[in-house]
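The values are calculated or read from the model by the stated rules, or taken from the named source; none is laboratory data. Keep in mind it's a predicted model, so treat the numbers as computed, not measured. Heads up, the Cβs are rebuilt from the backbone with ideal geometry, glycines too, and the neighbour counts pull from every protein chain shown. Areas reflect the complete protein model, heavy atoms only, side chains present, ligands, DNA and RNA absent. Shrake-Rupley method; radii C 1.70, N 1.55, O 1.52, S 1.80 Å.
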Amino acid sequence: MGFRGLCRSLLCRRGALPGVWQRGAAGGTEGPLEVSKLLEGPQDVSKILEEAESEPNSARRSPSNSTVILFPGQGSQQVGMARGLLKYPNVRTMFSAAHKVLGYDLLELCLRGPEEVLSKTVHCQPAVFVTSLAATEKLSHDDPAAIDNCVAVAGFSVGEFAALVFSGALDFTEALCAVKVRAEAMQRASDAVPSGMLSVIGRPQANYNSACAEAREHCKSLGLENAVCDVANYLFPDGRVIAGHVEALQFLQKNSRKYHFLRTKMLPVSGAFHTRLMEPAVEPLRKTLKALDFKRPYVPVYSNVDGKRYKHASAIHHLLLKQLVSPVKWEQTMHAIYERRKGNDFPRTYELGAGRQLGSILKGCNLKAWRFYRNIDGLTEDESLETEL
């Protein structure tokens with residue numbers, strides 16, 4: 001059973017889109033509205049959602065009543081994640097389905113660790129993916145309007161798969177199979193080359209591309225040909241993650257003052273994600289994605305590759321592959337989602353899943369938008385919707 005079936009009680013609450021999440025296994029519908037008709041003609045979903053912030057007479061569609069949902073990526077995992085979500089409908093069923101797909105007890109790993117096992121790429125990507133989607137059940141229970149009024153979705157790295165499932169573009173089980181293959185392939189690529197990722201906060205005059213070029217030249221002087229050192233994540237103004245060979249990253253840390261880096265920190269990951277060192281992971285993922293049934297998202301989903309929303313289902317496969325070896329343009333995505341005329345209200349933003357990293361990044365990108373940010377992490381049973389102020 002796919003996520004549409006598992007979470008029908010959650011996502012069929014979108015009053016404007018009855019029946020969207022009632023698609024049968026054969027592609028038919030049980031509800032009154034056929035997906036194929038919904039996506040045809042001038043009244044397509046993207047236009048409906050575009051109008052959500054341009055109808056001043058509609059209280060439900062005003063910006064202050066609209067929501068943006070963000071799904072975190074690798075690095076947000078914590079032992080105990082999902083503990084506070086188990087009482088909500090369908091969550092245990094989702095983890096049971098994950099057990100069958102993955103071949104191990106993901107829920108047990110999320111709840112009890114050990115941390116060093118949970119943090120391995122091969123495990124943490126499925127953990128973050130499933131837990132983030134499980135958090136939609138909590139949000140639906142605590143604030144159903146947040147689901148009903150969602151006008152944009154984005155996910156960081158593996159979080160993009162969760163965003164696509166939430167938007168109806170991809171089935172839960174199919175997406176989890178792809179995440180499994182992706183995580184295993186990235187783990188193998190990481191193990192093949194000593195590499196990593198370096199978080200950098202720089203001064204306004206910092207030139208990250210020049211610094212990376214000099215780091216590659218340094219590696220060449222050490223006899224390391226075709227060294228990799230590139231910006232892998234654009235987080236917020238003057239906030240970057242640089243990834244590549246370990247020797248290059250060590251060079252940047254040693255010479256941080258020269259490059260106007262205020263702070264550098266090695267991230268606890270085993271590989272240079274979103275660089276060409278992940279090329280060995282592309283073909284395994286390509287084979288898996290080729291077999292999946294992508295639909296056009298009924299809520300705008302923004303791609304990591306270019307910071308723009310997906311307009312056609314046919315583009316999803318290509319961009320998910322490109323994402324593996326291209327930088328995550330999260331800062332650009334935040335600007336695209338939250339850009340508005342001066343004086344206009346901002347939507348409420350929810351980060352679904354463990355951690356508050358995306359909230360911190362949003363604060364660096366757009367302080368006004370961040371004031372309407374909330375986190376649903378599911379770590380404790382009595383967690384409330386606290387605004388991060």
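With the checklist (1) closer than 24 Å to Ala146 by Cβ; (2) open to solvent by 60 Å² or more (accessible area, probe 1.4 Å); (3) assigned to a loop (DSSP other than H, G, I, E, B) in hand, flag the one item Lys368 doesn't pass.
Of everything listed in (1) closer than 24 Å to Ala146 by Cβ; (2) open to solvent by 60 Å² or more (accessible area, probe 1.4 Å); (3) assigned to a loop (DSSP other than H, G, I, E, B), Lys368 misses just condition (3).
Any idea how many residues of the stretch 98-156 are open to solvent by less than 10 Å² (accessible area, probe 1.4 Å) and outside any helix (DSSP H, G or I)?
5
Could you please let me know if Val91 is in contact (Cβ under 8 Å) with a residue 24 or more places away in the chain, touching a helix residue (DSSP H, G or I) at 6+ places or on another chain (Cβ under 7 Å), of a type in the set (Val, Ile, Thr) and farther than 30 Å from Ala272 by Cβ?
Answer is yes for this residue.
For Glu331, indicate whether it is modelled with pLDDT of 95 or more, assigned to a helix (DSSP H, G or I) and open to solvent by 80 Å² or more (accessible area, probe 1.4 Å).
Spelling it out, it is not the case that Glu331 is modelled with pLDDT of 95 or more, assigned to a helix (DSSP H, G or I) and open to solvent by 80 Å² or more (accessible area, probe 1.4 Å).
List the residue pairs whose Cβ atoms are under 6 Å apart, where the first residue sits in the stretch 160-180 and is under 17 Å from Gln74 (Cα atoms), the second is among the hydroxyl-bearing types (Ser, Thr, Tyr) and in a helix (DSSP H, G or I), and the two are 6 or more positions apart or on different chains.
Close Cβ pairs (under 6 Å, with a partner that is among the hydroxyl-bearing types (Ser, Thr, Tyr) and in a helix (DSSP H, G or I)) amount to Ala162/Ser132; Ala178/Thr288.
Scan the stretch 207-233 residue by residue and report those that are closer than 22 Å to Ser303 by Cβ and open to solvent by less than 50 Å² (accessible area, probe 1.4 Å).
Tyr208, Val231, Ala232, Asn233
Of all the residues that make up the stretch 75-89, how many are surrounded by 22 or more Cβ atoms within 10 Å (Cβ to Cβ) and either assigned to a loop (DSSP other than H, G, I, E, B) or polar (S, T, N, Q) (or both)?
Residues that pass the stated criteria total 4.
Taking the stretch 253-272, which residues are aromatic (Phe, Trp, Tyr) and out of contact with any strand residue (DSSP E or B) (no Cβ under 6 Å at 6 or more places or on another chain)?
Selection gives Tyr259 alone.
Looking for whichever is outside any helix (DSSP H, G or I) and either within 26 Å of the chain's Cα centre (by Cα) or buried (at least 20 other Cβ atoms within 10 Å of the Cβ) (or both) here; the options are Leu170, Leu176. Which one fits?
Leu170 is the lone residue from the list that is outside any helix (DSSP H, G or I) and either within 26 Å of the chain's Cα centre (by Cα) or buried (at least 20 other Cβ atoms within 10 Å of the Cβ) (or both).
All but one of (1) open to solvent by less than 70 Å² (accessible area, probe 1.4 Å); (2) under 30 Å from Tyr373 (Cα atoms); (3) in contact with a Leu (Cβ under 6 Å, 6 or more places away or on another chain) hold for Arg296; which doesn't?
(1)
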